[in-house]
Amino acid sequence: MGALFGLFASFSVGGSELFGRRVANSAGAVTISVSIQGIAGVAALVTALVFGDVLGANDMWLGALSGIGFGIGMISYLHGLTKASSAIIAPTVATLSAMIPFGYTIVTGARPSPLSLGGAALSVAGLVLVSAGGAKVSGALTGWLWGLAAGLGYGFGMAVLVETSSAGGSWPAVSQRGVALAMTLIVAHRVAAPLLPPSGVRFDALAAGIFAGLSSIFYLIGVQANAPAATVTGALFPAVSVAVGRMLFHDSVTRTQALGVTVVLLGVVAVVAG
């Protein structure tokens, strides 16, 4: 059951990206980020209330700190997708999102398994292939830089959540999304970005936010049922992202990049599973 809900979470990320990119392409990444963070925050709040999670000050503080990373991560990721291929950005984000929390657990005393260490090395090798395959692709350098920014943001945000208590459930996600929304609103004000998308893509914005909220809920249910299985299948979202980018947004994907994406996925799965 955990593996199934983890897979649902990955597909939900793909759905959020599908609709989110449509809005980002017409109104900008900041505008769609406002909608996604707001709707996902409401979804987290409803989940916390329905499941009767325990509200704790420490969990809320950690969630708020995590929100800084998630705010940076989402804007960088969606903006990067308007500038470069998902085959460059998604693997970079996936690797850093897994490696930074992994490194944090080692620093704080965890002893990684040989499988995890091998997966980390495999992920790096996959990124080398992605980089080599995309070296001549238009916007490759820009894509790597935005992917780096997004990966660092998400990675930091996920590492902070390692310290939250299991009893807190979805409450850290509530403060996380709240801070991320506040940050996005500040950025929107500074760059004079509209808070609401154009009328022609408002349904897309709503759908992107709903899918983002669903991804959090599915992931939460999955880890409660079977954490190892859910985290593995939940880490498969780059494959969905690249497929969506290739089929619907005509992203360029070379054979070397496709191989690199596959290697990154195997490495991320190994890190999480180990």
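The values are calculated or read from the model by the stated rules, or taken from the named source; none is laboratory data. If you're wondering where the values come from, they're calculated on a predicted model, not measured in any experiment. Using ideal geometry, Cβ is built from the backbone for each residue, glycine included, and neighbour counts are taken over all protein chains shown.
Could you pull out the residue among 128, 174, 160 that is surrounded by fewer than 20 Cβ atoms within 10 Å (Cβ to Cβ) and β-branched (Val, Ile, Thr)? Walk me through it before giving the result.
Values: 174 fails: surrounded by fewer than 20 Cβ atoms within 10 Å (Cβ to Cβ); 160 fails: surrounded by fewer than 20 Cβ atoms within 10 Å (Cβ to Cβ).
From the options 128, 174, 160, the qualifying one is 128.
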Pick out the one residue from 55, 49 that is of a type outside the set (Val, Ile, Thr) and free of Cβ contacts under 8 Å to residues at least 40 places away in the same chain. 49
So which residues in the range 148-196 are in a helix (DSSP H, G or I) and of a type in the set (S, T, N, Q), if there are any at all? 166, 175, 176, 184
Residue 239 fails exactly one of the following numbered conditions: (1) at pLDDT below 85; (2) surrounded by 20 or more Cβ atoms within 10 Å (Cβ to Cβ); (3) of a type in the set (A, V, I, L, M). What is the number of that condition? (2)
Exactly one condition in (1) crowded, with 18+ Cβ neighbours inside 10 Å; (2) in contact with a Phe, Trp or Tyr (Cβ under 8 Å, 6 or more places away or on another chain); (3) of a type outside the set (Ser, Thr, Tyr) is false for residue 55; which is it? (1)
Of all residues in the range 118-147, which are more than 16 Å from residue 242 (Cβ to Cβ) and either outside any helix (DSSP H, G or I) or hydroxyl-bearing (Ser, Thr, Tyr) (or both)? 135, 136, 138, 142
Complete set of residues in the range 104-115 that are at pLDDT 80 or above and within 19 Å of residue 266 (Cβ to Cβ): 113, 114, 115
Cβ contacts < 8 Å: first residue outside any helix (DSSP H, G or I), restricted to the range 89-117; second residue not aliphatic (A, V, I, L, M), any location; separation 6+ or different chain. Result? 112/102; 112/105; 112/274; 113/274
